[in-house]
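Colleague: Below: one structure in structure tokens.
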Ligand SMILES: Nc1nc2c(ncn2[C@@H]2O[C@H](COP(=O)(O)OP(=O)(O)OP(=O)(O)O)[C@@H](O)[C@H]2O)c(=O)[nH]1
Ligand SMILES: [Mg+2]
């Protein structure tokens, strides 16, 4: 309480500020008071911040370079894509097929400068009557799965789905469907069958056995993990993806047993079991080593965040379904040069940049990984360090691709993830992007206005001023309002206030102003400001006052 009282007021005082004045030294030049008393929660937060303050942290750093995060390194430029080398046996088989088909050229395409065999994929979905949790209907979900397969570099040759009361515990789908897919596999030369839902290790094994030959069976989770693996461009992203992949593999290691058993004609079950135990142990050791390494990455990231907090500027997180234009918006507002493309999960690593509004106010904008329906939980857990960026922001901007036919479903899916992340207490602003592509932009704008939503086009730049104004308005709700009177000869102080707070009103006054003060007897002119700061900026202002006094 005593530290907060350092904000002295010579303006008509409330009981709190009157108390404050009794204890405080007089400050020359800057008079600050709270426009309204702090709520008890805010008071506690500010108090905690003050108590946590160490002398070094009190420095007000305004050097933008210190803010620039380095995580984006490697994202700019070409991203890493691993192409699995086919085994010798597989290569021969491919060659044979190529000759037999006589149209082998179609099967190869250039990917990142390398000629790779295009794997043919077949998609399978199950609509469970009892499952009310599904936001997308089956056909839409399969369309999205096809987009994911395309992003992973596969060619989708067909798809099917089945309505079931409950999935078959052995094969997920019914035996008739298994036979139907088997025919499709032969007809289209399918190499991979992808299921839209997560399969149990047993179902995976049984399906591979049922389809026979070299057909690979995988599920949506494995496909997403594969895309993430291809796209991980930084050390941190690679670590997070490896962890998620290993956790996914651990229960599925039983496949090895079948493999060993088959090799030895079913005679060495015991040996296979032993091997599995060894493999599982190795995997568990790797998982715990990865977790440790990720913990140190997390600490490192925390350090960056703390450094950012020492430059008290509000942080705004951009969240949204994948491919809604988050990176395009960051690039448009800041020239960040983040990879933005019409593919799912173009961004895995967060990038933070400073945005300067036309009125001179600034905030930090963080672009991060996009969400998707049925997001694998182990992926959310593995990307915890990255997602903490969202948890610690002052405002969440939910960017929606309003031109997408499934915009409403995508909104719901994002809200589900946000609920899981427990960030409901952070203020949120919904923004409809790609308005340039929407069918009826006029009608949409009307709807948006009624709901307090901002319409923009990150590509054309339309609506970006309104976007910045809306951010400023929203941020104010989480900030502390302050009124200050600064003499003209303290011009550099005005700059500092502009850097640490959001200035709402500036009035230049002469001696005849209604505000009178014994401190201004030698001053003729001064600036009367109303601005908003976060809790940490409180400390910065306090520091300014202290410096002025010296
Ligand atoms: N027409 C139109 N296209 C846009 C707009 N904003 C983004 N796009 C396009 O949408 C695609 C996806 O943009 P990104 O910025 O990569 O989307 P993202 O949300 O960052 O995607 P992820 O990183 O995958 O989550 C790109 O092809 C952009 O050019 C817009 O306002 N209008
Ligand atoms: Mg992106």
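Each reported figure results from applying straightforward, stated rules to the coordinates on display, with no laboratory input. All values derive from a computational prediction rather than experimental measurement. FYI the Cβ positions are ideal-geometry reconstructions off the backbone, even for glycines, and counts take in every protein chain you see.
Colleague: Among residues belonging to region 455-485 that are surrounded by fewer than 20 Cβ atoms within 10 Å (Cβ to Cβ) and assigned to a strand (DSSP E or B), point out the one that is nearest to the chain's Cα centre (by Cα).
Modeller: Step by step, filter region 455-485, then rank; the result is 481.
Colleague: Which of the residues spanning region 370-414 are without any contact (Cβ under 8 Å) to a residue 40 or more places away in the chain and within 13 Å of the chain's Cα centre (by Cα)?
Modeller: 387, 391
Colleague: Can you tell me which condition residue 436 does not meet? The list is (1) within 16 Å of ligand 2 (Cβ to nearest atom); (2) not in a loop (DSSP other than H, G, I, E, B), and all the others hold.
Modeller: Just one mismatch for residue 436, condition (1).
Colleague: Oh, and also: Can you find even one residue in region 490-504 that is farther than 18 Å from residue 313 by Cα and in contact (Cβ under 8 Å) with a residue 24 or more places away in the chain?
Modeller: For region 490-504, residues farther than 18 Å from residue 313 by Cα and in contact (Cβ under 8 Å) with a residue 24 or more places away in the chain: present.
Colleague: Would you pick out the residues in region 320-346 that are out of contact with any strand residue (DSSP E or B) (no Cβ under 6 Å at 6 or more places or on another chain), touching a residue at least 40 places away in the same chain (Cβ under 8 Å) and over 13 Å from residue 458 (Cα atoms)?
Modeller: 322, 337, 339, 343, 344, 345, 346
Colleague: Residue 391 is checked against (1) surrounded by fewer than 22 Cβ atoms within 10 Å (Cβ to Cβ); (2) more than 16 Å from ligand 2 (Cβ to nearest atom); (3) farther than 24 Å from residue 296 by Cα and fails just one. What number does that condition carry?
Modeller: Among (1) surrounded by fewer than 22 Cβ atoms within 10 Å (Cβ to Cβ); (2) more than 16 Å from ligand 2 (Cβ to nearest atom); (3) farther than 24 Å from residue 296 by Cα, residue 391 violates only (3).
Colleague: Which one is surrounded by the most Cβ atoms within 10 Å (Cβ to Cβ), of the residues in region 431-454 that are more than 11 Å from ligand 1 (Cβ to nearest atom) and closer than 17 Å to residue 329 by Cα?
Modeller: Among them, the one singled out is 454.
Colleague: Six or more apart or on different chains, Cβ atoms under 7 Å: show the pairs whose first residue is in region 448-462 and touching a residue at least 60 places away in the same chain (Cβ under 8 Å) and whose second is assigned to a loop (DSSP other than H, G, I, E, B) and within 16 Å of ligand 2 (Cβ to nearest atom).
Modeller: 458/325
Colleague: Starting from residues that are surrounded by fewer than 18 Cβ atoms within 10 Å (Cβ to Cβ) and more than 25 Å from residue 417 (Cα to Cα), keep the ones in region 330-354 and report whichever is nearest to ligand 2 (Cβ to nearest atom).
Modeller: Among those residues, the one meeting the criterion is 337.
Colleague: Another one. Which one of these does residue 363 not meet: (1) within 16 Å of ligand 2 (Cβ to nearest atom); (2) touching a strand residue (DSSP E or B) at 6+ places or on another chain (Cβ under 7 Å)?
Modeller: The number of the failed condition is (1).
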